[in-house]
1. Do we have any residue at all in the range 76-89 that's hydrophobic (A, V, I, L, M, F, W, C), under 28 Å from V33 (Cα atoms) and assigned to a helix (DSSP H, G or I)?
2. Quick one: which of P47, P111 is modelled with pLDDT under 85 and loosely packed, with under 11 Cβ neighbours inside 10 Å?
Amino acid sequence: MINVTRTVSIAENEIQLNFVRASGPGGQNVNKVATAVQLRFDVRNSPSLAGDVRTRLIRLAGRRITQDGILIIEARHFRSQERNREDAIRRLVELIRQAVYKPKPRRRTKPSKAAKERRIEGKKKRGEVKRMRREASGLD
């Protein structure tokens, strides 16, 4: 069981890990050992996620999610398979934590009377400057 928050946890059988060969650091090891990790998590059919969390996770995932609702995270930063596996799971947990956080709804506000007056004063000053320039150029 992977604990994401106090209320959300994911069963390990919901995550599928594939190991593939990776380019990058590792020397000759790169040609022999499959160190890169491709983590797959079925967001749409996961019983661990609530509906609103699922929706936010799909939106947060962006290009990392397929048409079928499968989130794919690739980790190939490290030379060892184990560290890449940990990195992929850490990134999945981080993404789900962001999706669990419910953003506060924005409330529409009106500018204060003083703010409106300051805005109008600024416009009047700017107009006055332009009017002065126009009158000065007409004398030549």
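The values are calculated or read from the model by the stated rules, or taken from the named source; none is laboratory data. These numbers come from a predicted model, not from an experiment. With ideal geometry, Cβ positions are generated from the backbone for all residues, glycine too; neighbour counts draw on all protein chains shown.
1. yes
2. P47
Residues checked against (1) loosely packed, with under 12 Cβ neighbours inside 10 Å; (2) without any contact (Cβ under 8 Å) to a residue 60 or more places away in the chain; (3) in the same structural domain as T7 (by TED's automatic domain parsing); (4) in contact with a helix residue (DSSP H, G or I) (Cβ under 6 Å, 6 or more places away or on another chain):
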{"residue": "Q38", "(1), (2), (3), (4)": "no, yes, yes, no"}
{"residue": "G51", "(1), (2), (3), (4)": "yes, yes, yes, no"}
{"residue": "R54", "(1), (2), (3), (4)": "no, yes, yes, no"}
{"residue": "L57", "(1), (2), (3), (4)": "no, yes, yes, yes"}
{"residue": "G62", "(1), (2), (3), (4)": "yes, yes, yes, no"}
{"residue": "L71", "(1), (2), (3), (4)": "no, yes, yes, yes"}
{"residue": "S80", "(1), (2), (3), (4)": "no, yes, yes, no"}
{"residue": "R83", "(1), (2), (3), (4)": "no, yes, yes, no"}
{"residue": "E86", "(1), (2), (3), (4)": "no, yes, yes, no"}
